[in-house]
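This report refers to the structure that appears directly beneath it.
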Amino acid sequence: MLKCERIVKTFYDALEEGKILARRCSECGHIEYPPYLACNACGNLDTEWVELPEKVMCNQVLPVSAMFMDPDFKANVGDYAIAAIQPENAFEVGSVLLHVSPEEVDEIRAKLPAPVKPVIVQEDGYKNVHWELA
Ligand SMILES: [Zn+2]
């Protein structure tokens with residue numbers, strides 16, 4: 001448990017310095033993002049800190065329905081959509097694609113998969129990683 005808390009702290013501390021960290025499996029090279037101690041691809045327990053691979057694709061994008069729209073978050077970042085993001089050698093993860101209005105979702109979806117780049121956003125007391133089209 002303590003080790004889990006430390007890994008989360010290391011990740012958020014690095015974000016404060018503008019670095020996005022992941023864990024790489026020493027056995028199969030799989031990337032765990034968000035960082036996780038064990039490799040979910042092969043089960044190996046030996047992983048090491050690396051910076052997130054530069055190549056990250058957006059595989060899917062969905063509009064945020066009015067019911068689930070977070071008004072505080074929207075006031076902070078503007079338009080956004082829900083997206084499936086996949087760093088190279090990692091599994092797909094659910095995240096947020098910034099600067100996408102609900103009207104633009106269909107147009108973007110027609111071009112997927114598309115490369116994205118990370119945007120580090122200041123949220124309430126901590127920084128978080130979201131994405132925008134590269
Ligand atoms: Zn592995």
- E104 in a helix (DSSP H, G or I) and under 19 Å from W131 (Cβ atoms): yes
- Restrict the check to segment 9-25 and report whether at least one residue is within 11 Å of the ligand (Cβ to nearest atom), acidic (D, E) and outside any strand (DSSP E or B). no
- Across segment 38-51, the tally of residues that are without any contact (Cβ under 8 Å) to a residue 12 or more places away in the chain and on the phi < 0 side of the Ramachandran plot stands at 2
- Message: Tell me yes or no: at least one residue of segment 79-92 is outside the structural domain of A114 (by TED's automatic domain parsing), at pLDDT 95 or above, away from the ligand (no atom under 16 Å from the Cβ) and assigned to a strand (DSSP E or B).
- Response: no
- Message: Conditions first: (1) farther than 22 Å from G18 by Cα; (2) part of a strand (DSSP E or B); (3) open to solvent by 70 Å² or more (accessible area, probe 1.4 Å); (4) not aliphatic (A, V, I, L, M). W49 passes all but one, so which condition is the exception?
- Response: (1)
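Every residue, every condition in (1) modelled with pLDDT of 95 or more; (2) more than 16 Å from the ligand (Cβ to nearest atom); (3) of a type outside the set (S, T, N, Q), yes or no:
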{"site": "C4", "(1), (2), (3)": "no, yes, yes"}
{"site": "C28", "(1), (2), (3)": "yes, no, yes"}
{"site": "E51", "(1), (2), (3)": "yes, yes, yes"}
{"site": "V56", "(1), (2), (3)": "yes, yes, yes"}
- Within segment 15-37, count every residue that is under 12 Å from L52 (Cα atoms) and of a type outside the set (G, A, S). 12
- Task: Please indicate, with yes or no, whether at least one residue in segment 2-23 is open to solvent by less than 90 Å² (accessible area, probe 1.4 Å), among the polar types (S, T, N, Q) and over 17 Å from the mean Cα position of the chain (by Cα).
- Result: no
- Item | Test: residue in segment 30-46 that is in contact with a Pro (Cβ under 7 Å, 6 or more places away or on another chain) and more than 16 Å from the ligand (Cβ to nearest atom) | no
- Item | Residues of segment 52-69 classified as assigned to a loop (DSSP other than H, G, I, E, B) and either within 14 Å of P102 (Cα to Cα) or touching a residue at least 40 places away in the same chain (Cβ under 8 Å) (or both), total | 9
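The values are calculated or read from the model by the stated rules, or taken from the named source; none is laboratory data. As the structure is a prediction and not an experimental result, all values here were calculated from the model. For neighbour counting, all protein chains shown are included, and Cβ atoms are generated from backbone atoms with ideal geometry for every residue, glycine included. We work out accessible area using only protein heavy atoms, side chains counted, and drop any ligands, DNA or RNA first. Shrake-Rupley method; radii C 1.70, N 1.55, O 1.52, S 1.80 Å.
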